[in-house]
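Visitor: Okay, here's the structure, questions in a sec.
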Amino acid sequence: MTSADLVITGAPVWTADAARSWTDAVAIRSGVVVALGAADCATITGAKTQQLQLDSGMVVPGFQDAHVHPPFAGRNLDNVDLSGVAGLRAYLEAIGRYAAEHPEREWIVGGGWALEHFPGGLPRKEDLDAVVPDRPVFLFNKDVHGAWVNSAALRRGGIDAATPDPVGGRYERDAMTGEPTGMLQEGAAYSFEADVVPAPSTQEWASHILRAQRHLHSLGITGWQDAWVTPATQAAYERIATDGRLTARVVGALWWDRHQDISQIETLVERRRVTGSFHATSVKIMVDGIVENGTAAMLEPYCRHDLGEHPNGLTYVDALDLQRAVTRLDALGFQVHQHAIGDAAVRAALDAVEAARKTNGASDHRHHIAHVQVVNPVDLPRFRELGVVVNCQTYWAQNEPQMKELNIPALGPQRSAQMYPFASIAASGAVLAMGSDWGVTTADPLAQIEVAVHRVDPGARDEEPFLLHEALSLPAALAAFTAGSAYVNHDSDGGTITVGKRADLAVLDTNIFDAGVRPADATVTHTIAAGRFVHGG
């Protein structure tokens, strides 16, 4: 009998199979799980078998992140990353320090700043001017729905009081003069980034993705769905997939340009292909924006009065156009990945899948809706009925400053009680997947799972839980970040620890099922992707 390449023993193994069963050892050969259980693993442990003997902790399937932005998060890590600091003073110190250390950079770019550190969520150009007066600065906020720029950047873009707002976005302006104040909302940020900020080369994008991959592997993540793949980032993925540097299994959701019509599908078909471990097989459609800036699409008006002619927020794709697009994409075999935050957007996204089902019949494309922040109770059972996977960003379901200061006041008590209803949707029988939306928030699956189970920030456990009745059980949350995300990624070879499947594993130093232990108390010590150590080892 051929010996195993690697045997892991000494800690319980949670397999995430349908029975949520446990075992006590795993054997791997040629990138595949070949045996489970100490007795069977012992029979194929030979002189050349590498052995990982654990003294504690546990083994789980490699995590899969169903909604993440590695190229952009990696770009932040390689430039100005504000996600690890908080407050205006700390932001300015970090930006000024980076600018001083990189005098050769024509532009200062990056992101990760949080809305709650600015009055009304609106930063100003004057603060950036004070630390970088001579070069343009462009910094996406952490949710990537807006950008903070300085005066030099506005001049470079030719934006002043006379410049009209772009379609699907706005320049925040001084109430008296009409001059842009330095905050670009939604489409204004995207068009500025596309038309004014110098684009990275394919080599630079590849470097950013590899930087992100190292970080994700360190957290036990062995696969993901990139929720925003442009032609430029697709080329970078394909380069590193071809030469073997992409060690994760990745699904790419090709970006739907809401400023174009359905004719863009022809180009998406041309871009659909599998290159090594990179699968460009999904399409991402932004149905609406976010609650914090009043661009999430709501069935009833917001509890704020500064939204002008859009008191219910914005819908980026007309409902009938969305139905036609999803129906056509479904007919062509694409998976559709929809962003929907507000209850009107969630309903429109469900309606689009329903239209596709009525026209094309049932399919196994595993369409999914990400975020689902506010769901009208009428729509809760429709996910299961339509076979729509709920792509949960559970880290947002906590009483953090942005929730308390920008979300709840804008929604009011009734709709605030309908936020992130993950337990209710799960109870209806829908499939749950989980994603971090990194770099919007932490990429750490264990922190995501902790919030899913306890509905509090792992760093503020004495905080009042946010709608605790919507918490998931630990097995349900862990399964969503493994088997559930593998399901949405059409990865029949991943998501569980099963004989015959690809050996994607994460080793934790703590058993998160032990009494008194929280998921974020654990740390990933080893990550194995397709039988190879990609972290630890």
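The values are calculated or read from the model by the stated rules, or taken from the named source; none is laboratory data. Note that this is a predicted model, so its numbers are computed, not measured. Methodologically, a virtual Cβ is constructed for each residue, glycine included, from the backbone with ideal geometry; neighbour enumeration extends over all protein chains shown.
Visitor: Scanning for something surrounded by 15 or more Cβ atoms within 10 Å (Cβ to Cβ), in contact with a Pro (Cβ under 6 Å, 6 or more places away or on another chain), without any contact (Cβ under 8 Å) to a residue 40 or more places away in the chain and not in a loop (DSSP other than H, G, I, E, B), does region 139-149 turn up at least one residue?
Guide: yes
Visitor: Starting from region 379-390, take each residue that is in the same structural domain as residue 357 (by TED's automatic domain parsing) and in a helix (DSSP H, G or I) and list its partners that are surrounded by fewer than 18 Cβ atoms within 10 Å (Cβ to Cβ) and at pLDDT 95 or above, counting only C-beta distances under 8 angstrom and pairs at least six apart or across chains.
Guide: Every condition considered, the pairs that remain are 382/354; 383/428; 384/428; 384/429; 386/354.
Visitor: Those residues that are touching a Leu at 6+ places or on another chain (Cβ under 7 Å), within 29 Å of residue 475 (Cβ to Cβ) and in a helix (DSSP H, G or I), I need them from region 403-426; list them, please.
Guide: Residues satisfying the conditions are 422, 423, 424, 425, 426.
Visitor: Same structure, new question: Looking at (1) aliphatic (A, V, I, L, M); (2) farther than 17 Å from residue 285 by Cβ; (3) modelled with pLDDT of 95 or more, can you tell me which one residue 406 breaks?
Guide: Result: residue 406 fails condition (3) only.
Visitor: Quick one: in region 487-529, which of the residues that are surrounded by fewer than 22 Cβ atoms within 10 Å (Cβ to Cβ) and among the basic types (Lys, Arg) is nearest to the chain's Cα centre (by Cα)?
Guide: 518
Visitor: With respect to residue 276, is the statement that it is crowded, with 23+ Cβ neighbours inside 10 Å and either out of contact with any Cys (no Cβ under 8 Å at 6 or more places or on another chain) or not assigned by TED's automatic domain parsing to the domain that holds residue 362 (or both) true?
Guide: So residue 276 does not fit the description; no.
Visitor: Given (1) within 23 Å of residue 26 (Cβ to Cβ); (2) modelled with pLDDT under 95; (3) surrounded by 22 or more Cβ atoms within 10 Å (Cβ to Cβ), identify the lone condition not met by residue 537.
Guide: For residue 537, the exception is condition (3).
Visitor: Could you list, in sequence order, the residues of region 375-401 that are small (Gly, Ala, Ser) and farther than 14 Å from residue 436 by Cα?
Guide: 387
Visitor: Is it the case that some residue within region 330-350 is in a strand (DSSP E or B), in the same structural domain as residue 296 (by TED's automatic domain parsing), among the polar types (S, T, N, Q) and in contact with a Gly (Cβ under 7 Å, 6 or more places away or on another chain)?
Guide: Looking through region 330-350, none of the residues is in a strand (DSSP E or B), in the same structural domain as residue 296 (by TED's automatic domain parsing), among the polar types (S, T, N, Q) and in contact with a Gly (Cβ under 7 Å, 6 or more places away or on another chain).
Visitor: Need pairs with beta-carbon distance below 7 Å; first residue in contact (Cβ under 8 Å) with a residue 60 or more places away in the chain and within region 512-529, second part of a strand (DSSP E or B) and acidic (Asp, Glu); sequence gap 6+ or separate chains.
Guide: Filtered contacts from region 512-529: no entries.
Visitor: Going by the conditions given, is residue 429 out of contact with any strand residue (DSSP E or B) (no Cβ under 9 Å at 6 or more places or on another chain), at pLDDT below 95 and either assigned to a helix (DSSP H, G or I) or surrounded by fewer than 23 Cβ atoms within 10 Å (Cβ to Cβ) (or both)?
Guide: Answer is no for this residue.
Visitor: Something else: Here are the criteria: (1) surrounded by fewer than 17 Cβ atoms within 10 Å (Cβ to Cβ); (2) in a strand (DSSP E or B). Tell me which single one residue 135 does not satisfy.
Guide: Failed condition: (2).
Visitor: Residue 10 fails exactly one of the following numbered conditions: (1) at negative phi; (2) in a strand (DSSP E or B); (3) surrounded by fewer than 16 Cβ atoms within 10 Å (Cβ to Cβ). What is the number of that condition?
Guide: (1)
Visitor: Now for a different question. Under 25 Å from residue 482 (Cα atoms) and in the same structural domain as residue 482 (by TED's automatic domain parsing): is that true of residue 245 in this structure?
Guide: Criteria met by residue 245.
Visitor: Does residue 7 count as of a type outside the set (Phe, Trp, Tyr) and within 20 Å of residue 536 (Cβ to Cβ)?
Guide: yes
Visitor: Taking residue 470, is it surrounded by fewer than 18 Cβ atoms within 10 Å (Cβ to Cβ) and over 20 Å from the mean Cα position of the chain (by Cα)?
Guide: Here the answer is no, as residue 470 does not meet what is asked.
Visitor: Taking region 278-318, which residues are in a loop (DSSP other than H, G, I, E, B), modelled with pLDDT of 95 or more and closer than 14 Å to residue 345 by Cβ?
Guide: Of everything in region 278-318, those that are in a loop (DSSP other than H, G, I, E, B), modelled with pLDDT of 95 or more and closer than 14 Å to residue 345 by Cβ turn out to be 287, 291, 296, 297, 298, 299, 300, 302, 312, 313, 317, 318.
Visitor: Go through (1) buried (at least 24 other Cβ atoms within 10 Å of the Cβ); (2) part of a helix (DSSP H, G or I); (3) of a type in the set (D, E, K, R) and name the single condition residue 226 misses.
Guide: The failed condition is (2).
Visitor: Suppose we filter 85, 59 for residues that are β-branched (Val, Ile, Thr) and surrounded by 20 or more Cβ atoms within 10 Å (Cβ to Cβ); which single one remains?
Guide: One residue alone meets the criteria, 59.
Visitor: Another question about this same structure. So how many residues does region 394-426 have that are in contact with a strand residue (DSSP E or B) (Cβ under 8 Å, 6 or more places away or on another chain) and charged (D, E, K, R)?
Guide: Selection size over region 394-426: 1.
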